[in-house]
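A short write-up of the structure that comes next.
The values are calculated or read from the model by the stated rules, or taken from the named source; none is laboratory data. Just so we're clear, the structure is a prediction, and the values are computed from it rather than from any experiment. So basically every Cβ, Gly included, is an ideal-geometry build from the backbone, and we count neighbours across all protein chains shown.
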Amino acid sequence: MSIRACIFGCAGLELTADEAAFFADVKPWGFILFKRNVDSPAQVRRLVDALRETVSRDDAPVLIDQEGGRVQRLGPPHWPVYPPGRAYGDLAGNDPLLRREITRLGARLMAHDLAELGINADCVPVLDVPQAGAHDVIGDRAYGATVEEVALLGRAAAEGLIAGGVLPIIKHIPGHGRATADSHLDLPVVDSPLAELEAVDFEPFRILSDMPMAMTAHVVYSAIDAKRPATTSRKAIKHVIRESIGFQGLLMSDDLSMKALSGDFKDRTRASLAAGCDVVLHCNGDMAEMAPIAEACGKLSGKARRRAEAALGRLARRPEPIDLAEARARFEAAFDGG
């Protein structure tokens, strides 16, 4: 079956006839949902089913950003509020085992919420290590301020998702923690020495290099490639992400519509894929932007196709058993001091 090397969003709560026809023609590898696509559990489930129906693939990945805190697409009244990553790192002062347990439990509960809707991939965990003076776009989304905290709790979150039948997507590889600008709005440039990046920023990704999927950072690391952000830098992807970090899973770009990237959408697509991204991500559901991306991205094939298949192969046939009432009570008690 012909599949395009892209992940797309849609505009609203249900597919329009034009969107359904476009997706059926293009056959993107997957889809991503945002708050604009979410109303009720029944509505989200219908939308997820409709998206998969357009590409005739029951296992087509449907992604969401459900981190907790500031970045949570599902919320009240139908879904619980989850804390930001830093809240897990701040638990129980001196008890790393409890922090790890509760982080895994929170992700396991999120996975239940998502799997009930047919969503099978979450853009979690954030493995960025925030640095003093950096932009707060990461901020409390990070699990802690050290490599050890971020890696320990990042893995716990990833394991909770996998146990619940949802694939984790580590981000923002090779590290967004030093960026002094929000890549949604500007192109961040990090001038730190390579040795420092290797020891801090890249290390959590190295520790979780076995994860099935990763999302790139739209960040220039001048010590690696002074001209291009990691997403469009062959040097960053080949020498850092694939070799130094050792990540061999499916690599997707961050959102191509973010202002950190330059050029038109065909240029951005071609540059990302030429640099070594396996698939490109476009989030805002704008058909006028998706059409040139679809035209430029081509078919998912070769190593990229094999990585995509391997990623989906990590989906559990059946989620780990969970007593939901007991699990939610345990989770809430941890943050209530109980």
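Here are some notes:
- Checking each residue in segment 134-158 for being more than 15 Å from the chain's Cα centre (by Cα) and not in a loop (DSSP other than H, G, I, E, B) picks out GLY139, ASP140, VAL147, GLU148, GLU149, VAL150, ALA151, LEU152, LEU153, ALA156.
- Residue check, LEU51 closer than 21 Å to GLY165 by Cβ and out of contact with any Ser or Thr (no Cβ under 7 Å at 6 or more places or on another chain): yes
- Single residue of ALA271, ALA260, ALA226 found to be at pLDDT below 95 and among the small types (Gly, Ala, Ser): ALA260
- Within segment 206-262, the set of residues being buried (at least 24 other Cβ atoms within 10 Å of the Cβ), in a loop (DSSP other than H, G, I, E, B) and among the polar types (S, T, N, Q) comprises just one member, SER233.
- Residue among ALA296, ALA308 that alone is surrounded by 14 or more Cβ atoms within 10 Å (Cβ to Cβ), hydrophobic (A, V, I, L, M, F, W, C) and farther than 26 Å from MET211 by Cβ: ALA296
- Considering residues of segment 26-38 that are surrounded by fewer than 19 Cβ atoms within 10 Å (Cβ to Cβ) and under 16 Å from HIS282 (Cβ atoms) only, the residue nearest to the chain's Cα centre (by Cα): PHE34
- Selection within segment 272-283 - assigned to a loop (DSSP other than H, G, I, E, B) and touching a helix residue (DSSP H, G or I) at 6+ places or on another chain (Cβ under 6 Å): GLY276, ASP278
- Single residue of segment 290-322 satisfying the filter (acidic (Asp, Glu) and touching a residue at least 24 places away in the same chain (Cβ under 8 Å)) that is farthest from PHE31 (Cα to Cα): GLU320
- Top-ranked residue of segment 164-197 - restricted to ones that are of a type in the set (Asp, Glu) and assigned to a loop (DSSP other than H, G, I, E, B), ranked as nearest to ALA316 (Cα to Cα): ASP182
- Any hit, segment 167-174, residues being surrounded by fewer than 23 Cβ atoms within 10 Å (Cβ to Cβ) and either over 19 Å from the mean Cα position of the chain (by Cα) or farther than 21 Å from LYS238 by Cβ (or both): no
- Some residue of segment 61-71 being surrounded by 16 or more Cβ atoms within 10 Å (Cβ to Cβ), among the basic types (Lys, Arg) and at negative phi: no
Here is a yes/no grid of residues against (1) part of a helix (DSSP H, G or I); (2) among the aromatic types (Phe, Trp, Tyr); (3) more than 19 Å from the chain's Cα centre (by Cα):
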| residue | (1), (2), (3) |
| --- | --- |
| ARG270 | yes, no, yes |
| GLY285 | no, no, no |
| ALA288 | yes, no, yes |
| ALA308 | yes, no, no |
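- Looking only at segment 38-55, residues that are of a type in the set (Gly, Ala, Ser) and within 12 Å of ALA20 (Cα to Cα) come to 1 in all.
- Of the listed requirements (1) within 20 Å of the chain's Cα centre (by Cα); (2) buried (at least 16 other Cβ atoms within 10 Å of the Cβ); (3) in a loop (DSSP other than H, G, I, E, B), ILE322 misses just one: (1).
- Wholly enclosed strands (runs of 3 or more DSSP E) of segment 1-110 bearing at least 2 residues in contact (Cβ under 8 Å) with a residue 60 or more places away in the chain and touching a strand residue (DSSP E or B) at 6+ places or on another chain (Cβ under 9 Å): 4-8, 28-33
- Residue check, LYS235 in contact with an Asp or Glu (Cβ under 6 Å, 6 or more places away or on another chain), more than 22 Å from GLY30 (Cα to Cα) and either free of Cβ contacts under 8 Å to residues at least 40 places away in the same chain or among the aromatic types (Phe, Trp, Tyr) (or both): yes
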